[in-house]
There are 2 protein chains.
Amino acid sequence: MAPWQTGPVRGMIAPVAERVDHDCEGEMDDICRGQHVNGTCGGCEMRQLRLCASVDAETRRKIHQVSQRMVFAKGRHIVDQGEPLDRVYFIRDGMIVLSKILEDGARCVTGFLGPGDIISGIKHREGAYCTGTALTDVATCSFRREEFMQLLQENSQFGVIMLMFATDEIEAQHDHNVILTRKHVSERLAAFLLFLVNRWVGPGGVGRTAAALPMSRADIGDYLGVTIESVSRGLTKFREDGFISMPSRDRVVIENLPALYELSGLEEVPVSRGELGL
Amino acid sequence: MAPWQTGPVRGMIAPVAERVDHDCEGEMDDICRGQHVNGTCGGCEMRQLRLCASVDAETRRKIHQVSQRMVFAKGRHIVDQGEPLDRVYFIRDGMIVLSKILEDGARCVTGFLGPGDIISGIKHREGAYCTGTALTDVATCSFRREEFMQLLQENSQFGVIMLMFATDEIEAQHDHNVILTRKHVSERLAAFLLFLVNRWVGPGGVGRTAAALPMSRADIGDYLGVTIESVSRGLTKFREDGFISMPSRDRVVIENLPALYELSGLEEVPVSRGELGL
DNA sequence: CGTGATTTTGACGACACTCAAATAAAGTGG
DNA sequence: CCACTTTATTTGAGTGTCGTCAAAATCACG
């Protein structure tokens with residue numbers, strides 16, 4: 001066992017997971033609870049995002065019939081490692097950290113999810129292999145597994161879209177492997193910051209120069225495979241070098257974008273793409 | 001840039017990729033070239049594997065109509081990084097290494113593929129993001145992109161199966177992330193050896209205690225994120241400790257399975273599962 | 001059997017982890 | 001609202017794993 005795996009689990013441990021099923025109010029919420037308005041998604045922001053934008057109106061109607069809005073307060077678990085998961089969640093708003101506890105107590109963050117990303121329980125009847133924790137309040141459209149599978153069965157187009165999502169995620173994971181195997185701490189941190197400002201921008205949007213950091217240093221460290229101390233030192237160094245500034249501890253502003261690109265080894269703004277959490 | 005990224009590209013550089021389209025002989029080959037025999041897969045070994053085993057006879061027939069057998073000699077490239085890829089390959093036999101060259105010349109191995117695994121060109125019209133090199137002679141059943149997409153469109157079941165493959169691969173990648181972020185060299189090596197003996201065993205098969213090592217030390221190192229020297233030292237140590245023996249340089253026999261499991265941190269024999277290369 | 005590529009072995013050094021303490025922020029009760 | 005406690009982050013000093021460099025040994029191939 002690696003020495004740094006010992007010790008207590010780091011990072012925020014949320015209270016016992018409890019799904020909060022809010023009542024929806026207003027047209028948008030009605031739509032996303034499964035109500036059908038004018039045969040379209042109406043004002044639902046998800047329509048502008050990944051899934052709904054890609055299917056025809058008829059399919060969208062079917063989706064709405066079986067979809068259900070679910071929200072999770074910050075700190076709650078959407079998925080629990082080891083617990084059966086029989087829902088598929090499309091994240092509408094907020095941010096989620098996916099983590100995994102190893103046998104020896106070490107923690108590993110496998111990714112961060114945001115608007116448009118998916119947590120899929122389609123093959124975790126016997127227990128999810130990781131935990132999904134809400135880093136902020138999170139709004140989702142969700143489906144029961146059977147109903148979602150029904151949609152997949154009835155709409156081949158739908159399965160293809162999901163396959164594309166998954167393929168994107170595989171490629172993203174390969175990119176992350178590159179970070180983990182071939183980069184030093186500062187390089188990983190630079191790549192992470194660029195990831196934050198480039199992902200989850202709307203369609204056609206360009207990379208931003210500021211981003212929220214709702215996750216803890218432990219989350220970042222466990223994601224990049226470095227210690228919290230290294231994360232802290234790295235961010236401090238970036239601040240000293242004028243690469244970034246931090247108005248608050250959970251907010252970062254990129255001051256020298258080219259320098260971060262140079263450091264990270266990334267050559268251009270990565271295309272924003274879907275992520276399939278599970 | 002990390003210091004160890006400099007220098008020439010390591011590992012075998014195959015001659016210019018050239019697809020070898022062998023003539024097929026015998027029933028099995030006829031089947032896998034797209035011929036239809038008795039409405040089933042006949043003796044094709046792929047049927048025992050991942051895709052063909054999961055679909056009905058009718059779908060299987062359609063598959064065969066558009067499938068084509070392709071073989072690649074050891075050292076040839078099935079995919080080339082940056083080159084458009086318009087085929088989907090189902091690997092019937094042999095082993096493939098997927099690698100990626102970074103801007104600074106560093107090399108990263110994202111995975112190894114074997115029988116039942118898939119190299120998918122369904123979304124790489126503009127260029128594959130990694131290279132697939134045959135480590136041994138490789139036999140495949142392949143499809144042109146359009147025809148494969150047609151299959152997906154016409155058979156919702158088919159897309160779901162592919163989605164399951166992809167989901168498995170995502171989970172496998174997350175497991176690999178754990179290796180890369182939380183394990184020391186010896187632990188990574190142990191996990192790699194266990195991976196080799198447990199994957200690509202037939203359905204219902206148990207883990208073996210011996211495996212071929214058709215890949216170079218550089219391939220292993222680039223996969224595990226360590227140097228070739230560390231790989232070599234690690235294997236030597238394992239031999240000295242009696243954990244393994246190596247009849248030849250490209251062959252390994254596990255002599256102390258529990259010790260390797262203990263080292264790797266893996267708790268049980270991982271379930272063999274599909275891998276989607278691209 | 002000779003040449004080149006791959007692997008192995010050795011010595012040394014650096015990056016990042018460990019341990020520890022200080023500081024800052026967040027949460028809690030009076 | 002403020003003192004107090006708890007948690008998270010930052011900073012510092014020391015150390016070990018693993019990477020770098022270099023050379024020897026082994027293997028592959030003609």
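Any read-out appearing in this document is the output of simple, stated calculations on the displayed coordinates, not a laboratory observation. Only a predicted model underlies this, so the values are computations on that prediction, with no experimental measurement involved. Every residue, glycine among them, receives a Cβ derived from its backbone with ideal geometry; neighbour counts consider all protein chains shown.
Relative to the other identical copies, A:D86 shows label-point distances of 4.6 nm, where the label point lies 7 Å from Cα along the Cβ direction and values run shortest first. In sequence order, the range B:79-86 has phi-based couplings of 10, 10, 3, x, 8, x, 10, 10 Hz under the Karplus curve 6.51 cos²θ - 1.76 cosθ + 1.60, θ = phi - 60°, and Gly or Pro positions carry x. By the gyration tensor of its Cα atoms, with a ≥ b ≥ c the square roots of the eigenvalues, what is the shape of the range B:174-264: rounded for a/c under 1.5, prolate for a/b over b/c, or oblate? Rounded. Near the amide H of B:T110, within less than 5 Å, lie the amide hydrogens of B:L98, B:S99, B:K100, all on another chain or at least 5 residues away, with H placed in the peptide plane.
For B:I101, inter-copy separations between label points set 7 Å beyond Cα along the Cβ vector come to 4.5 nm, shortest first.
Counting, for every residue in B:152-163, the Cβ atoms of other protein chains within 10 Å of its Cβ and taking the mean gives 6. The phi torsions of the range B:89-96, fed into the Karplus equation with coefficients 6.51, -1.76 and 1.60 and a -60° offset, translate into couplings of 10, 9, 7, 8, 8, x, 9, 10 Hz, rounded to whole numbers, with Gly and Pro shown as x.
Here the relative contact order of the range B:174-264, from alpha carbon pairs under 8 Å that lie six or more residues apart, stands at 34 percent. Using 7 Å Cα-to-Cβ label points, what is the B:M149/B:E240 separation (nm, one decimal)? A separation of 5.6 nm, rounded to one decimal place. In order along the range B:225-241, the Karplus-derived 3J(HN,Hα) couplings, from 6.51 cos²θ - 1.76 cosθ + 1.60 at θ = phi - 60°, round to x, 10, 7, 4, 4, 5, 4, 4, 4, x, 5, 4, 4, 4, 5, 4, 7 Hz, and Gly and Pro are given as x. Residues whose amide H falls under 5 Å from that of A:V79, counting only those 5 or more places apart or on a different chain, are A:G132, with hydrogens built in the peptide plane. Between copies, B:A73 shows label-point distances of 6.8 nm, shortest first, with the point placed 7 angstrom from Cα along Cα to C-beta. Annotation: amide H-H contacts under 5 Å for A:W200 (H modelled 1.01 Å from N, sequence separation of 5 or more, or interchain): A:R273. In bins 10 Å wide, starting from 0, what share of all Cα pairs of the range A:75-157 does each bin hold, as a percent? Spelled out per bin, shortest first, that is 19, 47, 27, 6, 0.
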